[in-house]
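**Q** Would you mind keeping the following structure in view while I ask a few things?
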Amino acid sequence: MQGSRMKALEEKILTEGTVLPGNVLKVGGFLNQQIDSDFIMEIGKEIARLYESEHITRVLTVESSGIAIAVAAGIALHVPCIFAKKHRSANMPREVYTASVYSYTHRETYEIAVAKDYLSSADRVLIVDDFLANGNAVRGLMRILEDAGAQLVGCAIAIEKGFQGAGDELRAKGIRVESLAIVDAMTDESVRFRAQ
Ligand code: 5GP
């Protein structure tokens, strides 16, 4: 396959996705609430193919919707998958890297945290997420990597909402962003994808 676009994902978005008010694409039937296990592994393998020569040591995402795809990528790359936690829990160590993230879908700011035990300056990290919209989640994860002194290798995203601009802003800064589907426009009747 050429480039990073995954035709099977575009087809699944067209047949199983729905567009909700507020520019939200719902893919709960295969990527979010219910996960198509075989398909998520195909996504993981495609991400691994794109980054196979990059000597990645960790895959990093945010709970909860990024975890499935990040685990699939971690399995295919044979590296651990870390997810940033959104809520402090009793068993969270006190030594954590943190960042504030504004969620456009939930209209609130929350703190994400990763235990210092799991990231170090020796790591080469791939950020993975289900969606890239305004880029707040990815930028929060990038701040955590900066704090840890770890190297960001790039980002692998299942569905980028290209019309929200964050993917192209990150690319303009020289960050490698590979998205398996890029939605350039959507209404409740149609979804238009960016070509290769
Ligand atoms: P960002 O921080 O890039 O604005 O948004 C990324 C996060 O918001 C993703 O991790 C995803 O959970 C959620 N998100 C953003 N847009 C959508 C969308 O259209 N559909 C779904 N299901 N989640 C979205």
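**Q** Report the charge-dipole magnitude of region 1-156 in Debye, nearest 20, computed about the Cα centre from +1 at each Lys and Arg Cβ and -1 at each Asp and Glu Cβ.
**A** The dipole magnitude comes to about 300 debye.
**Q** Return an integer: the convex hull volume of the alpha-carbon atoms of region 77-147, in Å³ per residue.
**A** About 103 Å³ per residue, rounded to a whole number.
**Q** Provide the descending list of Cα extents for region 1-62 along its principal axes, expressed in whole angstroms.
**A** Cα spread of region 1-62 along its principal axes, largest to smallest: 40, 28, 23 Å.
**Q** Could you list the trypsin sites (Lys or Arg not before Pro) in region 121-196 that lie in coil according to DSSP, counting only those with at most 13 other Cβ atoms within 10 Å of their Cβ?
**A** Qualifying residues, ordered by number: 173.
**Q** Something else: Tell me which GluC sites (Glu not before Pro) from region 92-147 have a DSSP coil assignment and no more than 14 other beta carbons within 10 Å of their own.
**A** Of the GluC sites (Glu not before Pro), the ones in loops of region 92-147 whose Cβ has at most 14 other Cβ atoms within 10 Å are 95.
**Q** Right, another one. Once the convex hull of the alpha carbons of the chain is built, what does its volume come to per residue, in cubic angstrom?
**A** 117
**Q** May I pose another question? In whole Hz, what ³J(HN,Hα) sequence does region 53-68 give by Karplus (6.51, -1.76, 1.60; θ = phi - 60°), x for Gly and Pro?
**A** Values, residue by residue: 8, 9, 6, 6, 10, 8, 10, 10, 9, 10, 5, 10, 6, x, 5, 4 Hz.
**Q** For region 110-196, give the percent of accessible area contributed by carbon and sulfur heavy atoms, probe 1.4 Å, rounded to a whole number.
**A** Result for region 110-196: 44 percent of the exposed heavy-atom area is carbon or sulfur.
**Q** Right, next: Under the Karplus relation 6.51 cos²θ - 1.76 cosθ + 1.60, θ = phi - 60°, what is the ordered set of whole-Hz ³J(HN,Hα) values for region 10-19, x standing for Gly and Pro?
**A** Rounded to whole hertz, the list is 4, 5, 5, 4, 5, 8, 10, x, 9, 9.
**Q** Do the alpha carbons of any pairs in 85/116; 45/161; 7/161; 45/116 sit beyond 18 Å of each other, and which pairs?
**A** Beyond 18 Å: 45/161; 45/116.
**Q** Just to check I understand the Karplus step: with θ = phi - 60° and J = 6.51 cos²θ - 1.76 cosθ + 1.60, what whole-Hz values come out for region 146-161, glycine and proline as x?
**A** 4, 4, 7, x, 7, 8, 7, 8, x, 10, 10, 10, 6, 10, 9, 8
The values are calculated or read from the model by the stated rules, or taken from the named source; none is laboratory data. Nothing here was measured: the structure is a model prediction, and the numbers come from that model. Counting neighbours? That spans all protein chains shown, and the Cβs are built from the backbone with ideal geometry, glycine included. In case anyone asks, the SASA skips ligands and DNA or RNA and just uses the protein heavy atoms, side chains included. Shrake-Rupley method; radii C 1.70, N 1.55, O 1.52, S 1.80 Å.
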